Amino acid sequence: MIDLRNVTKLYDGQQALNGITLHIEKGEMVFLTGPSGSGKTTLLRLIYRDEIVDSGDITVAGWDLRTLSPGSIPYLRRNVGVVFQDFKLLHERTVRENVELSLRIQGIPHHESRQRVLATLKLVGLAHKADAIPAKLSGGEQQRVVIARAVIGNPAVLLADEPTGNLDADTAREIMDVFKAVHAKGATVCIATHDANLYRHSGCRVFALKEGAIVP
Ligand SMILES: Nc1ncnc2c1ncn2[C@@H]1O[C@H](COP(=O)(O)OP(=O)(O)O)[C@@H](O)[C@H]1O
Ligand SMILES: [Mg+2]
């Protein structure tokens, strides 16, 4: 589902990623870990085609990202949901509206999108807050909304960058349960975190990055 071969990414002549080769199976859940600055966010941004590799090959959900035309990027992104810290919720809209937005942009009829929003809010455990404003929710509840928004289009791949970074340990565990529920529905899930508690005992593969390379 996600394939990188000898991928290198430079920023201002400095190597952020250096010869990354990894293969993530369809339906697999994996973790990316490593200290701050080791390249986790850069790797996720390459998979989302927010950044372009400088060398090497990268394919995601059957798309060759090196040759992908800018016009095809929106189609790739329908297959890749993201939980990134800089993708903020709209605080003047309800939970339901935040989650529904991408379906409305795609022109999906209201009666259909309403059903899908409800099913997705149930999946993340937030159906009872559909009409709330995100600002009135706890940090953990807001993160559930962000995950619902990322998976409403039923993407094959879900990427998350430090999704529990601002949460206490109990809430972090609850959020991990939401990712497990999304994974159980068949998504390929890739979570970047420096919190070992998230992946310890998970049985998932963990890719450790150090200075832009995978630690063997
Ligand atoms: N947009 C950018 N411009 C310049 N340098 C960047 C940019 N993004 C990341 N870097 C550099 O790339 C390296 C990897 O960063 P990053 O992927 O954010 O690591 P992590 O997410 O593991 O903390 C760091 O040295 C960082 O300073
Ligand atoms: Mg990061």
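The table that follows gives values for the structure above.
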read-out: Amide H contacts of Val7 (H built 1.01 Å from N, under 5 Å, at least 5 apart or other chain); value: Gly19, Ile20, Thr21, Asp57
read-out: Pairs of Cα atoms farther than 22 Å apart, region 2-214, %; value: 49
read-out: Phi to ³J(HN,Hα) by Karplus 6.51 cos²θ - 1.76 cosθ + 1.60 over region 199-205, Hz, x for Gly, Pro; value: 10, 4, 6, 7, x, 8, 6
read-out: Debye, to nearest 20: dipole size of the chain, +1 on Lys, Arg Cβ, -1 on Asp, Glu Cβ; value: 540
read-out: Interchain or long-range residues, amide H under 5 Å from Val82's placed H; value: Leu159
read-out: Sequence-separation-based contact order of region 47-184, relative, with Cα cut under 8 Å and 6+ spacing, percent; value: 30
read-out: Dipole-positive endmost among Ser202, Ile58, Val146 within region 2-214 (Cβ charges, Cα centre); value: Val146
read-out: Calculated [θ] (222 nm, deg cm²/dmol) that DSSP helices of n ≥ 4 give over the chain, each run adding -39,500 (n - 2.57); value: -10000 deg cm²/dmol
read-out: Long-range HN-HN contacts of Leu209 with modeled amide H, under 5 Å; value: Thr33, Gly34, Val215
read-out: For region 24-39, 3J(HN,Hα) per residue [Karplus equation, 6.51 cos²θ - 1.76 cosθ + 1.60, θ = phi - 60°, Hz, x = Gly/Pro]; value: 10, 6, 4, x, 8, 10, 10, 10, 10, 9, x, x, 4, x, 7, x
read-out: Estimated vicinal HN-Hα couplings, Hz - region 126-140 in sequence order (Karplus 6.51, -1.76, 1.60; Gly, Pro = x); value: 9, 4, 6, 10, 4, 9, 7, 8, x, 4, 8, 9, 6, x, x
read-out: Assigned charges on the beta-carbon of Lys, Arg, Asp, Glu; region 1-90 dipole about Cα centre (debye); value: 220
read-out: Computed over region 103-216, Kirkwood Rh from alpha-carbon pairs, angstrom; value: 15.4
read-out: Separation of alpha-carbon centers, region 18-70 and region 117-176, rounded to whole Å; value: 24
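Laboratory data are not the source of any read-out in this text; all were calculated from the coordinates shown. Since the structure is predicted, the reported quantities are computational estimates derived from the model, not experimental observations. Positions of Cβ are backbone-derived with ideal geometry, glycine not excepted, and every protein chain shown enters the neighbour counts.
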